[in-house]
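Everything on this sheet refers to the single structure shown next.
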């Protein structure tokens, strides 16, 4: 089964398990709207690719970890889109959750997705309990305080912020968890893999900044030009479009070079190079080639 | 060490572990404001009382579970107070988190507290991994979909709601988790203990409804008269004040009668009776005596 199918099935299974009769129907709808249809699913794809490269044989565990990471990502998007943050009317080309279901259900859908991520991990790994705590700590570290995505988002409320700390927490942390947890599923050393995710996360952030200045809203599926409008730190703003493209390519090379020795290192390098082309805005992909 | 000291220390330890340099300072402040000074800490007290009644000897595990439950309760208060829900200016006699720190930090503080609850559980129980998954599932079930407090709050967004389903999810579920998880810490059967928590939770909800109609805002520390204003289901509205007081006393008796056989059953019964007097609004406690 290919990675995309595995991820979509794992996400659907996680949600189906709790979206049962007796659950408020609009909450179920809001949660499904937040997760389906998905974006590039780049974090869970990275997680599965690393698990495979490290020789994991437990597909169920890898799928659960990948799904949990994506559920947390979706939760963060729902809350980031709220009127008190980005006030975004669109996400993935559709109305954002609060536009489609109202603010109360958007807050609750985000909360429910965070809880589901941990619950799904616990349920899937209950048969191999010695693996649960390390995986859960890798995942929770990437979203909580002091350096996870919640903290990253909170830097927007501070008068001063280091651009590096901001991006590492807001974006890099969940990518680092994707590679670290993928390695952990296979019994490999998590720490050695964090840097790979860190760099892919940085590359993704640069690509996101580029999309924000250089792509159309239709192509991206959410409003563009928001970084300048909201005065947020942006690689494209700092380095210019060409400088940012160079930076993105450097970061992907650095990620590939950081791959620790493992059975599937070569194939993983190819996957990373391919994914990096996917994340570039269409017009810029040709300019970067 | 008494229960109150243990709970406050466990909460402080959980937060101190992540509120370190490098974390956005306002997020740290908002999280501390959400947790300290606390309310009655009735859920973690109940959890510790059940663990003791069941003969638990692992105070560290009991404290961690109790703290996790209280962190989730505090998270729900922060989000429930948001302008899109109750728009409450006050909580526990102080400005609510969004009034003190703004809406973005209130959303993020709630998210960070949910994550911290699971992270703290995983960290504390990593040395006894076979206990982690069952405890984590008990706790996550009480806050997530389909019947946890997130679902309970979401019933407010539905055109029709059964008052029983609403209260059981919004309030009862975390009380049921407090007794079930307290029993699990001691190695006792969780399911037999859920009903005790369920009934204490129902009693607490009736007391809360009574406070909303019969107490002053100063005594309660948050605005009163909100249930009628927001057209929420209320026992005091349905049964009248005297009827609600009767119902509360019945529920506490039922909780005591439901205590499963355990070494400390008698002492626990006394604790439950005493706690039930604490939760009654002051003027009504005399009327009920």
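Assorted remarks:
- Every listed requirement among (1) free of Cβ contacts under 8 Å to residues at least 24 places away in the same chain; (2) under 22 Å from residue B:169 (Cα atoms); (3) crowded, with 24+ Cβ neighbours inside 10 Å is met by residue B:66 save one, (1).
- Of all the numbered requirements in (1) surrounded by 22 or more Cβ atoms within 10 Å (Cβ to Cβ); (2) out of contact with any helix residue (DSSP H, G or I) (no Cβ under 6 Å at 6 or more places or on another chain), residue B:1 misses one, and that requirement is (1).
- For the condition modelled with pLDDT of 95 or more, within 14 Å of chain A (Cβ to nearest Cβ) and surrounded by fewer than 24 Cβ atoms within 10 Å (Cβ to Cβ), residue B:61 qualifies.
- With respect to the stated conditions, residue B:92 is touching a residue at least 60 places away in the same chain (Cβ under 8 Å) and more than 14 Å from residue B:18 (Cα to Cα).
- Scanning segment B:34-49 for residues that are part of a helix (DSSP H, G or I) and in contact with a helix residue (DSSP H, G or I) (Cβ under 6 Å, 6 or more places away or on another chain) yields B:34, B:35, B:43, B:44, B:45, B:46, B:47, B:48, B:49.
- Within segment A:50-96, being closer than 20 Å to residue A:267 by Cβ and part of a helix (DSSP H, G or I) holds for A:50, A:51, A:52, A:53, A:59, A:62, A:63, A:65, A:66.
- Residue B:280 modelled with pLDDT of 80 or more, within 20 Å of residue B:43 (Cα to Cα) and either within 23 Å of the chain's Cα centre (by Cα) or surrounded by 13 or more Cβ atoms within 10 Å (Cβ to Cβ) (or both): no
- Check on residue A:160, more than 7 Å from chain B (Cβ to nearest Cβ) and in contact (Cβ under 8 Å) with a residue 40 or more places away in the chain: no
- Odd one out for residue B:89, checked against (1) more than 19 Å from residue B:8 (Cβ to Cβ); (2) within 14 Å of chain A (Cβ to nearest Cβ); (3) surrounded by fewer than 23 Cβ atoms within 10 Å (Cβ to Cβ): (2)
- When we screen B:168, B:253, B:247 for residues that are touching a helix residue (DSSP H, G or I) at 6+ places or on another chain (Cβ under 8 Å), more than 25 Å from residue B:68 (Cα to Cα) and not in a loop (DSSP other than H, G, I, E, B), the only hit is B:247.
- In segment A:2-28, residue nearest to the other protein chains (Cβ to nearest Cβ) [restricted to those that are in a loop (DSSP other than H, G, I, E, B) and closer than 17 Å to residue A:119 by Cα]: A:23
- Residue match in segment B:178-194 (condition: in a helix (DSSP H, G or I), modelled with pLDDT under 95 and buried (at least 17 other Cβ atoms within 10 Å of the Cβ)): no
- Subset of segment B:105-157 [closer than 21 Å to residue A:130 by Cα, at the interface with another protein chain (Cβ under 7 Å from one of its Cβ atoms) and free of Cβ contacts under 8 Å to residues at least 40 places away in the same chain]: B:115, B:122, B:126, B:129, B:130, B:132, B:133, B:136, B:137, B:140
- Filtered residue count, segment A:144-165, keeping only those that are in a helix (DSSP H, G or I), more than 20 Å from residue A:74 (Cβ to Cβ) and at pLDDT 90 or above: 2
- So residue A:77, is it modelled with pLDDT of 95 or more, crowded, with 20+ Cβ neighbours inside 10 Å and either more than 10 Å from every other protein chain (Cβ to nearest Cβ) or farther than 30 Å from residue B:103 by Cβ (or both): yes
- Filter pass, residue B:198 being more than 14 Å from chain A (Cβ to nearest Cβ), closer than 22 Å to residue B:91 by Cα and either touching a helix residue (DSSP H, G or I) at 6+ places or on another chain (Cβ under 7 Å) or buried (at least 24 other Cβ atoms within 10 Å of the Cβ) (or both): no
- Counted residues, segment B:256-276 - those being within 14 Å of residue B:183 (Cβ to Cβ) and in a helix (DSSP H, G or I): 2
- Residue within segment B:210-221 that is more than 20 Å from residue B:43 (Cβ to Cβ), more than 14 Å from every other protein chain (Cβ to nearest Cβ), assigned to a helix (DSSP H, G or I) and touching a strand residue (DSSP E or B) at 6+ places or on another chain (Cβ under 9 Å) present: yes
The values are calculated or read from the model by the stated rules, or taken from the named source; none is laboratory data. Nothing here was measured: the structure is a model prediction, and the numbers come from that model. Using ideal geometry, Cβ is built from the backbone for each residue, glycine included, and neighbour counts are taken over all protein chains shown.
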